Amino acid sequence: MKITKTPLFWICIILLIVIGYLVYSQSNVKNKNIAVYLSTGELYFGQKSGLFGFNLKNAYLLNKGEDGKYSLQEFNKAAWKPTGTVHLSSDKVVFWSTIDDSSDVSKLVSGETKSTDVAPAQTTTTPPSANGVTTQK
């Protein structure tokens with residue numbers, strides 16, 4: 001008895017390949033240090049956790065002080081004492097990027113250095129605006 005492969009069979013095969021690729025590509029980013037810029041203007045750094053969405057472990061938030069200088073605040077040390085993973089709303093994400101493992105921010109997020117050990121930047125960079133334009137002074 002000959003079994004014919006119907007279009008439904010091929011659609012299922014293609015769907016399995018696409019799902020496999022998506023899971024594989026997401027698993028390569030899991031536990032990597034990333035930066036996430038939100039439409040609210042906030043910039044988060046942390047270790048990506050979970051396969052989908054923007055869940056961050058060891059999250060830090062970029063804050064601008066009254067003196068105009070930027071600093072990184074450990075998210076779990078905020079006044080309201082959040083615990084666990086930070087779950088960011090994916091519809092608020094403007095962009096995200098992995099961070100090089102040798103950068104000071106990456107070392108801070110990974111726990112290799114303390115916040116006082118992070119060298120100050122040589123240039124002052126303002127976070128990008130919602131339209132994607134970055135300015136440097």
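The values are calculated or read from the model by the stated rules, or taken from the named source; none is laboratory data. Just so you know, these numbers come straight off a predicted model, no measurement behind them. A quick note on method: Cβ atoms are made from the backbone with ideal geometry, for glycine too, and the neighbour counts reach across all protein chains shown.
The numbered conditions (1) loosely packed, with under 14 Cβ neighbours inside 10 Å; (2) modelled with pLDDT of 85 or more; (3) among the hydroxyl-bearing types (Ser, Thr, Tyr) are all true for residue 27 except (2).
In region 54-80, the residues that are closer than 18 Å to residue 92 by Cα reach residues that are part of a loop (DSSP other than H, G, I, E, B) and of a type in the set (Asp, Glu) with C-beta atoms within less than 9 angstrom, at least six apart or across chains, in these pairs: 61/42; 62/42. Evaluate region 40-60: report whether one residue or more is modelled with pLDDT of 85 or more, part of a loop (DSSP other than H, G, I, E, B) and on the phi > 0 side of the Ramachandran plot. Yes, region 40-60 contains at least one residue that is modelled with pLDDT of 85 or more, part of a loop (DSSP other than H, G, I, E, B) and on the phi > 0 side of the Ramachandran plot. Within region 93-116, restricting attention to residues that are more than 11 Å from residue 34 (Cα to Cα) and touching a Phe, Trp or Tyr at 6+ places or on another chain (Cβ under 9 Å), the residue that is modelled with the highest pLDDT is 94.
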